[in-house]
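Here is the structure we will look at.
The values are calculated or read from the model by the stated rules, or taken from the named source; none is laboratory data. All values derive from a computational prediction rather than experimental measurement. Don't worry about glycine lacking a Cβ; one is built from the backbone with ideal geometry, like all the others, and counts go over all protein chains shown. For accessibility, only protein heavy atoms count, side chains too; no ligands or nucleic acids. Shrake-Rupley method; radii C 1.70, N 1.55, O 1.52, S 1.80 Å.
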Amino acid sequence: MRDRLPLLAVGGLVLTVVLGSMLISSARRGEFADTLSTYRAQEDGARALYLLAEESGLPVTRRMADLRIGTTGSTTPVLLAVEVQGAREDDLEQTQLAAEPDAGLGDEDVPHTGFNTFRASALDDREVTELLTHVSAGGSAVYVPWGSRENPLLDALSVKLIKADTTLPMRTLVPPFPSPYTLGVERVEVKVQAYLELPTTAVPVLEDERLGRMVAAVVPHGQGRVLVLGAPELAMNVALSRADNAQFWLSALAALGPGPYEFDEFHHGFTNERSVVDFARRYGLHFAVLQLLAGVALWSVALKRFGRPRPPPESVRVGATDALFAMARLYREGRHHGFAAKLVARGLTQEFALHAGLPAHAAPKAVSEALQERGREDLARGLREVVGRADTVNNDSDLQQLTARAATLRQGLHPAGQARRSTSGTP
């Protein structure tokens with residue numbers, strides 16, 4: 001074990017550095033959330049959009065529950081880069097245009113950060129039904145899909161996505177005609193991910209100035225309406241400062257209804273249930289967590305012995321030996337063989353009681369029965385033998401045989417390995 005100590009130390013140090021770097025990386029303030037999450041402060045987050053609406057007097061909130069509960073009143077759900085179960089690509093040619101994974105806006109899958117890959121979820125069929133029911137009853141919603149794949153929500157709205165060429169430069173979008181959704185908006189500059197094929201009842205909101213293709217539209221459904229946007233970058237922090245991008249969001253949200261506007265964070269991996277780890281990752285308590293881990297590591301190392309057991313100091317060894325011989329002489333001269341034998345039997349009973357799952361003060365008979373139930377008939381029989389012989393010990397020879405028998409039983413307490421042979425001169 002002593003030869004392995006340097007290797008263990010180096011391995012532990014490397015593991016600590018790796019885990020510490022991962023924890024610090026995931027705990028950077030504003031970087032723990034997914035793309036287009038209103039908690040994310042990076043360029044591809046939507047925190048600026050949330051704060052812009054809040055500072056402009058629009059009633060905004062974050063939704064931490066799934067849509068199965070449903071929405072009430074004039075609440076307007078805002079779904080930014082929320083995936084939908086059952087998404088598919090009907091056009092194989094568009095599939096060939098899809099970029100490699102982790103390609104930013106060219107990726108067909110929503111980028112996830114760290115453990116959010118396992119925490120984020122997609123809208124299931126029941127949630128889609130609840131959302132459409134809310135809209136049909138006269139409500140409003142905002143849906144910004146990621147990628148160009150079809151899904152049940154778009155199918156219900158009769159909207160089809162046409163993948164845009166992600167190698168094209170930034171596009172200039174203009175309102176095809178004046179509307180409340182584009183009040184005060186002359187042009188919008190953004191990278192387009194998908195163009196929209198709309199039903200005849202849809203109201204176009206933004207179109208590509210050069211290509212004439214629709215990028216944003218308000219689609220009626222029942223008595224309500226849904227704003228569909230094929231340029232997710234328009235909701236990102238990095239895009240709000242361009243042209244009239246920020247004004248578009250203020251005008252579009254205000255035209256959809258009085259609010260409140262619920263930005264969905266549940267499907268980005270955030271719920272009302274919080275843990276210590278989430279709190280540390282969100283507010284940057286990584287150094288406190290690292291200190292806790294370091295303390296646990298030092299405590300666990302302190303409980304381990306490295307190397308062979310060190311012999312006691314000479315003075316302690318000689319003193320203990322002298323005390324043992326002195327005690328033995330007192331018992332021998334005082335003829336206390338029976339008392340010493342009973343002490344040996346009591347100590348063996350206490351040790352076997354703990355092995356049998358009984359308290360240390362249990363009677364020998366109860367301990368013997370418990371050992372039999374555990375399948376240790378040999379120990380039960382040996383215990384009865386020692387307890388019975390303790391009452392008949394009258395000399396040194398009998399006491400020596402009794403202690404030797406007790407030592408043999410202790411060696412057989414754990415079945416792993418073979419018991420040591422008795423020393424010469426003892427039975």
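Counting only protein heavy atoms and a 1.4 Å probe, segment 156-264 has 40 square angstrom of accessible area per residue.
Work out the FRET efficiency for D391 and M64 from their Cβ-Cβ distance, taking R0 = 56 Å, and round it to the nearest 0.05. Here the calculated transfer efficiency is 0.15.
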